[in-house]
1. Could you state the accessible area per residue of the range 110-269 in Å², with a 1.4 Å probe and every protein chain left in place?
2. Between THR58 and ARG226, with labels modelled 7 Å along Cα→Cβ, what's the label distance in nm to one decimal, could you check?
3. Using the Cα gyration tensor of the range 140-262, with a ≥ b ≥ c the square roots of its eigenvalues, what is the shape: rounded (a/c below 1.5), prolate (a/b larger than b/c) or oblate (neither)?
4. Between SER106 and LEU43, what is the spin-label point distance in nm, taking each point 7 Å from the Cα along the Cα→C-beta axis?
5. Please state the shape class of the range 87-194: rounded when a/c is under 1.5, otherwise prolate if a/b exceeds b/c and oblate if not, all from the C-alpha gyration tensor.
6. Could you identify which residue out of HIS173, HIS146, HIS161 has the top mean-square fluctuation in a GNM of the chain using Cα springs shorter than 10 Å?
7. Counting helices only, and only those DSSP H runs with n ≥ 4, report the 222 nm mean residue ellipticity of the chain as the sum of -39,500 (n - 2.57) divided by its residues, in deg cm²/dmol to the nearest 500.
8. With θ taken as phi - 60° and the coefficients 6.51, -1.76 and 1.60, list the Karplus ³J(HN,Hα) couplings across the range 262-275 in order, rounded to whole Hz; mark glycine and proline as x.
Amino acid sequence: METRELRYFVAVAEELHFGRAARRLAIAQPPLSRAIRQLERRLGVVLLHRAPRAVTLTGAGSVLLREARVALDAVEAAERRTRRAAAAGPGIVLAVKAGASRDLLSALLDAYAAEAGAVPVEVVLCGPGEPEGLLRTGGADVALLHRPFDATAGFDTEDLHTEAQVVVLPAGHPSAGRARLTTAEIGALPDLPLPRWPRRDGSHADGPGPRVDNYGQLLQLIALGRACALVPESLRAELSDAYTAVPVPDAPPVTTVIAWPPHSRSRAVADLVRTATRR
């Protein structure tokens, strides 16, 4: 299969509409349709159910969508890492979600800088889900990820820290004085829906909550009484008096991990990981 065909298929599979996919790819619709049919003939399977008003994925199509994304990420990563290796001096890029793991990140960078042979570390602060994407596509050499929010499949990882979650509420909300809340009680709060974070393709999940793209937006919405949020307990220390954090005992714990591509042969990445796991 050609990468062009995979990109065409991913666009159709994500849009579930040939016209929208063609506009996204900046091509005409007929050659796009021909390319998908040619791909189906080559594979000997039906990838899409086509109806006059709807396009849906078959079981085989769902598998190819998942695998095609991985394959395209790998190609993009190879291109980026090759260019960076030729253009850049010694150094590594570390991706981390903005506002998360601040104390851990600061301690890690200080400890690594004190190591013999340490190289410059460029820290890229990202929105939710972006560190994983940068690591998969070669935009970063190493990342701090957070299970269960970030997918770590396909990476080598080491666990660094596990903590409970709290729900952040406006300070004046009636539930702000509770000693604890359950996830069911949070979901039943009529005036404070959970936010909808962006998915991998940039769209937001359906639901009643507001669309949120970064931590700053989230905090402002909470202060306005328009949302609440489940966050790692360590973020409690960074909240102002406008917010209250209530423990949520039945929420899954959050584990901060350091992640890197399994094929990495970077001595600097290995040294940074070793420093992180010694803490």
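The values are calculated or read from the model by the stated rules, or taken from the named source; none is laboratory data. These numbers come from a predicted model, not from an experiment. Glycine gets a Cβ as well: all are built from the backbone with ideal geometry, and neighbour counts include every protein chain shown. Please note that ligands, DNA and RNA were not included when accessible areas were found on the heavy atoms of the full protein model with its side chains. Shrake-Rupley method; radii C 1.70, N 1.55, O 1.52, S 1.80 Å.
1. Averaged over the residues of the range 110-269, the accessible area is 50 Å².
2. Using points 7 Å along Cα→Cβ, the separation is 4.5 nm.
3. Taking the square roots of the gyration eigenvalues as a ≥ b ≥ c, the range 140-262 is prolate.
4. Calculated label separation equals 4.9 nm.
5. It is prolate, given that a/c is not under 1.5 and a/b is the larger ratio.
6. The residue that fluctuates most here is HIS173.
7. -12500 deg cm²/dmol
8. Each residue's phi maps through the Karplus curve to give x, 8, 4, 10, 6, 5, 5, 4, 4, 5, 5, 4, 4, 5 Hz.
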